[in-house]
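Q: Have a look at this one before I ask anything.
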Amino acid sequence: MDISRQFINNPIRVWLTILLLGIGGIFALLNIGRLEDPAFTIKTAVVITHYPGASAQQVEEEVTLPLENALQQLPYLDNVSSISSNGLSQITVNIASNYHSSELPQIWDELRRRVGDAARMFPPGVASPFVNDDFGDVFGFFFAISGESFTNPELVRYAEQLRRELVLVPGVGKVAIGGAIPQQINIDISLAKMTARGITLNQLAAILSRLNVVSNAGEIKSGSESIRLHPTGEFENLDELGDLLISPHGSGSATRLRDIATLSRGLSESPSSIYHANGRQAVTMGVSFIPGVNVIDVGRALESKLDQMSAEKPAGIKIDLFYDQAAEVAHSVNGFITNFLMALAIVVGVLLIFMGVRSGIIIALSLALNVLGTLLIMYLWGIELQRISLGALIIALSMLVDNAIVIVEGVLIARQQGSTLLTAINYVIRRSALPLLGATVIAILAFAPIGLSQDSTGEYCKSLLQVLLISLMLSWFSALTITPVLIKWWLFKGQQPPAETSDTDPYSGRFYRIYQQILHTLLMRKAITLTVMAALLGAYGADAFGPGKLFVSAQASVVATMVSGIPSIAAFGIGIIAGIALYCLGIPSMMLGLGIYLPFYMSLTAAVGALIKAVYDRIGARRATAADAETTHEESGIIVASGILGGESIVGVIIALVSVASGMLG
């Protein structure tokens, strides 16, 4: 391809690309956002309406039913459930999963309008409905504040002081306080004393409702200035409240509130939440992060801020950390790096054994550049390192080396047959570019049902498809640009150029003779071969709708990708390595697919590929000249033996289509 020759003939472009991928990937690894799980939206809202004094039946008939009738007119609903209790209506609204998170703000606005319209028909005494749709915040830093001799209001005051400081930390989105019990003033009235003074409860309630009300007392003009009048008289303590005059009109004696009632401070008897930490009364603080930030850096900044404020902490107050997402994310990222280095070492070891030292190092270098380049593009696209994207990177490790293996192996074989280095490189690239692109696209499409799903699964697992798309396409690009240059620079450095012609057959070994015999046997028994293949594909399709169907697409992608390099021993070894890595992720079905299904797919794919290629060669030989027929025969031998041909990808296409269909229907 022209782009390959541009890189081969211009080393500066190669070095710039290597530096860009290497340095940029390291920079991205240090600065990319890190999360424990992908961000996803909870498509649920709760409508809460208070109706003091009403029975459960009255709440159901006068509040819940009108609201449900209004909500059921929305076309976005999945289901609506409600609970009607004494004085309280609670309606839970679930939005259908096929609506994207970007559509939810408009849906919530329409839901509020429907609720507001229905609330106009409520009877007197019903409070305004409250719509709560804020369920998406996940606390990445959660701790409790407690103390032996501290009351709940004292703990809340210290928590408010902490909140004002923590919310200023870069990367912090919201700081919420939990366990704050509302304070109240309790007025215990003596009915006998109140009746003796001719005071009713309604009169007392009306007087108390007018207390401490902020109102506009007007203003006075003084020349060019306007002076606002600020009325005084707010009660500062219980004694002032006890001196409140509550005598009815026309009464001859003055009656104060303390004459008929006992006043005391207290806490709400029905708080929404009560927390205890290590047996002590406590309040909690939850810190949520801004999307896209590096959770590890923000977690360290929060810990540093708490350490700075420890000098101002009252004696006796303890802060107990219950959850630190930064530590969890750091553990996951460190585990990925460890797994990646282990997988890289295993890959390099297998390649060194089966393909030689220089070939193994070239492919390992290509793998490292592909991973670093993937991290760079993830950083530019705003894809964080989290559970799904890390899993996608580990899954991709086994597939990122396939394209480079095909190019290196093809050049080695062409050199053994007597071609010059540049001729061999150009020939292999020209022959392999489109088949490799097809195999790469098949592997990507196998994950498409998960990544493109319109429900919550697609939103949660979207990064799986994105990371595999980036990494696999980058591996194909690097195999056609960087890998040939590395081959030219280092693979045959110091070796003598081969003779113009060579009678050496690289496929004369025992393994290839056995493989050729198997192919010949399968081709001679076409009906049996195709019948067995159809049965296996049918069994695969049946398995796709059975248990474990979530990972069918992933399994098919691994199979479809691995068959692109048949019968490369190194590729098969990399497949086993991929199975081990996936098994470490807790996905044994994929390990089963590599360990059991892959050998069947390998042999059948090679057989079908050889059959299609043989038919193509026979038709072409009838129409071509003798020279063309000879060239076609030579290319056919190389392609069939190395397993790189478009025809053999048909089984991979069928597998991928079956997996895509099963994923969509499942």
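Q: Among residues belonging to region 313-334 that are within 30 Å of E148 (Cα to Cα) and assigned to a helix (DSSP H, G or I), point out the one that is most open to solvent (accessible area, probe 1.4 Å).
A: Per the criteria, the residue is A327.
Q: Something else about it: Going by what's in this entry, would I377 be described as in contact with a helix residue (DSSP H, G or I) (Cβ under 9 Å, 6 or more places away or on another chain), assigned to a loop (DSSP other than H, G, I, E, B), touching a residue at least 24 places away in the same chain (Cβ under 8 Å) and surrounded by fewer than 24 Cβ atoms within 10 Å (Cβ to Cβ)?
A: The answer is no for I377.
Q: Every residue in region 422-432 that is surrounded by fewer than 23 Cβ atoms within 10 Å (Cβ to Cβ) and in contact with a Ser or Thr (Cβ under 8 Å, 6 or more places away or on another chain), please.
A: Residues satisfying the conditions are N426, Y427.
Q: Restricting attention to region 101-124, which residues are loosely packed, with under 13 Cβ neighbours inside 10 Å and outside any helix (DSSP H, G or I)?
A: Selection gives R120, M121, P123, P124.
Q: Just name the residue that is most open to solvent (accessible area, probe 1.4 Å) out of those in region 53-89 that are over 30 Å from G458 (Cα atoms) and either in a strand (DSSP E or B) or of a type in the set (S, T, Y) (or both).
A: Going through the qualifying residues, I end up with I83.
Q: Look through P170, P231 and report the one residue that is under 30 Å from D297 (Cα atoms) and either open to solvent by 90 Å² or more (accessible area, probe 1.4 Å) or over 49 Å from the mean Cα position of the chain (by Cα) (or both).
A: P170
Q: A follow-up question, please. Quick one: how many residues across region 106-154 are touching a helix residue (DSSP H, G or I) at 6+ places or on another chain (Cβ under 9 Å) and acidic (D, E)?
A: 2
Q: Residues being closer than 30 Å to S84 by Cβ and within 19 Å of the chain's Cα centre (by Cα): count how many of those fall in region 24-48.
A: 3
Q: Kindly provide the set of residues from region 1-43 that are open to solvent by less than 70 Å² (accessible area, probe 1.4 Å), farther than 25 Å from S332 by Cβ and among the charged types (D, E, K, R), ordered by number.
A: The one that is open to solvent by less than 70 Å² (accessible area, probe 1.4 Å), farther than 25 Å from S332 by Cβ and among the charged types (D, E, K, R): K43.
Q: I'd like to check which strands (runs of 3 or more DSSP E) are fully inside region 239-312 and have at least 3 residues that are of a type outside the set (G, A, S) and open to solvent by 60 Å² or more (accessible area, probe 1.4 Å).
A: In region 239-312, the matching strands (runs of 3 or more DSSP E) lie at 261-267.
Q: So, L393, is that one open to solvent by 10 Å² or more (accessible area, probe 1.4 Å) and either more than 12 Å from I487 (Cα to Cα) or not polar (S, T, N, Q) (or both) or not?
A: no
Q: I've got another one for you. Could you grab the pairs with beta carbons closer than 8 Å, sequence gap of 6+ or different chains, first residue in region 72-84 and farther than 13 Å from V47 by Cα, second one basic (K, R)?
A: Listed by first residue and then by second, the contacts come to Q73/R114; L74/R114; D78/K43.
Q: Do you know which residues across region 214-226 are out of contact with any Asp or Glu (no Cβ under 6 Å at 6 or more places or on another chain) and part of a strand (DSSP E or B)?
A: Answer for region 214-226, where residues must be out of contact with any Asp or Glu (no Cβ under 6 Å at 6 or more places or on another chain) and part of a strand (DSSP E or B): E219, I220, K221, S222, E225.
The values are calculated or read from the model by the stated rules, or taken from the named source; none is laboratory data. These figures come from a predicted structure and were not determined experimentally. Quick reminder, even Gly has a Cβ in these numbers, built from the backbone with ideal geometry, and neighbours come from all protein chains shown. Calculation scope for accessible area: heavy atoms of the full protein, side chains included, ligands and nucleic acids excluded. Shrake-Rupley method; radii C 1.70, N 1.55, O 1.52, S 1.80 Å.
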